[in-house]
Amino acid sequence: MSDVPSSNQKSADRPLPPGPDGLPIVGSMFDLMRRPIDFVDDVSEYGDVVTYRVAGQRFTALLHPDYIEQVLVSDNDRFRRWAGEEWGDTFAGYATEGLLLTEGEQWRRQRLLIQNAFTPDRIESYTEAVVAETEHTIEEWEDEEPIELKNAMSNLTLRILARSLFNLDIDGRGEIVRRTADALNARANARNLSAFLPSWIPTPTNRRLHRTMADMESLLDELIEDRRTDAATRDDLLSLLLTAETDDGSTLSDREVRDQLITFLFAGHETTALALTYSLHALGHHPKKRQKLQEEVQSVMGSDPPTASELADLSYTEQVVTETLRLYPPAYALFREATEVTGIDGYRIPDGSKITLPQIHVHQDDRFYDDPEAFRPKRWTDEFEASLPEYAYFPFGGGPRHCIGMRFATMELKHVLPMIISAVSIDPVGSPDLAFDTGITLQPAEPIRATVRRRSSQR
Ligand code: HEM
């Protein structure tokens, strides 16, 4: 663990971390735009704490699990979440009152309230929606149907999320939510200049986002208005948000409710859709591993959905999910801002520095993983996990701001993946190698095409 200074003064005396100078004014912006993921590999030659400037902001990337733990856990009160505010905000001013972007007392109050929708009992109750929507999706697939994996999985996870958390049938309206997710990812895409510009500048990406958000907000206002009439008699997350009272008897403002909906509709379906997309892609290109998974599923649950007790026996399924989130982490990097001068590994991290915790880089660091670029679910043995530094693997973040949907997501992935694998074969059409765009989440740069084949037709 790093030598944390006892006072800010001590930190102030330390040197800045090393790193590339970059160009005047823009710093390393063009290098980052050219190679958003490989940029961190390039600068890792400076060490585990590297500083660089991008469009007027000083960044420090932390490449060692100990320093990641320091920021997320032990020193978390010296850092706040950063979402590109100086560049006009990654979310372009939307969802700022939602759980992902609030800070301090407002965040604490929201987290306490919303946690009630993620207790183990609640998660258990959501399995019904997960199973029903997955069965529905599988039934709708024709034999030999060509699909685009990310679209197909986004459709499914959005339906699951809307039904389980909000008791909503999203049919016919899901397209607006998916368009919004695409527009948010496009604005945040580090290959796109819009990521570094205020959202009021009328770039095509910004205009598209504002147009889409206008549709999204009217949809949400409609949903909220409908639900207000019977919120008191229901107990899903939307009703909870509408009826919950704080200590002083006040309820969440309309803006807060709407921003939670944007937050959860986005964070709750995009991430799991990506995890399913990448796991099906990887399995499609590793037929033996897919076969092994199918055999496990067949022997544990036959052709039925897994029961709670069977889930524990799906050990290879669990390894596949864990390995997918290692190799293709949907939240590929986390960002923080230092709220006071801090010392990390003997270096000074000035107040206001932006901190990058590059999950995808750490998850593929050969100091922790053998053959890090290979998809090898079997690496996840108990012994291996015990030997791994804690923050060498952090797909759901860590500390007080860790993912509130982690258990929900894990339950969902461990149901959907075996159910799909047991019913159909998803056969890839393209190359095993993927290129990525770094939006808010890790996006496939090109559509991932595959063909659905029903298992019965293969016999
Ligand atoms: C595989 C799926 C998922 C992954 C990989 C993932 C990843 C993450 C990560 C890394 C964070 C922390 C971000 C940070 O510290 O900056 C986070 C936060 C969050 N996630 Fe997830 N997530 C997933 C699924 C979900 C689901 C299903 C939901 C909702 C149903 C959700 C809702 C949220 C929210 C609201 C936060 C902010 C929490 C806070 O700041 O208090 N996520 N997620």
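Here are the numbers for this structure:
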item: Alpha-carbon centroid distance for the pair the stretch 190-254 / the stretch 292-323, whole angstrom; result: 37 Å
item: Heavy-atom surface of the chain, accessible at 1.4 Å and reported per residue (Å²); result: 43 Å²
item: Span-like helix ranges in the chain, DSSP H, alpha carbon extent 27 angstrom or more, Kyte mean at least -1.0; result: 120-140, 254-284
item: The chain: calculated mean residue ellipticity at 222 nm from DSSP helix runs of at least 4, using -39500 (n - 2.57); result: -14500 deg cm²/dmol
item: Sequence-distant residues sharing a close amide H with Arg53 (under 5 Å, placed H); result: Ser28, Phe59
item: The chain: radius of gyration and largest Cα-Cα distance (Dmax), Å; result: 22.2, 72
item: Fraction of accessible area attributable to carbon and sulfur, the stretch 77-204 (%, probe 1.4 Å); result: 50 percent
item: D_trans [Stokes-Einstein, Kirkwood Rh over alpha-carbon pairs] for the stretch 363-459, 4 °C, 1.567 mPa s, µm² s⁻¹; result: 77 µm²/s
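The values are calculated or read from the model by the stated rules, or taken from the named source; none is laboratory data. Source: prediction; values computed, not measured. Just so you know, the surface numbers come from the protein's heavy atoms only, side chains and all, with ligands and any DNA or RNA stripped out. Shrake-Rupley method; radii C 1.70, N 1.55, O 1.52, S 1.80 Å.
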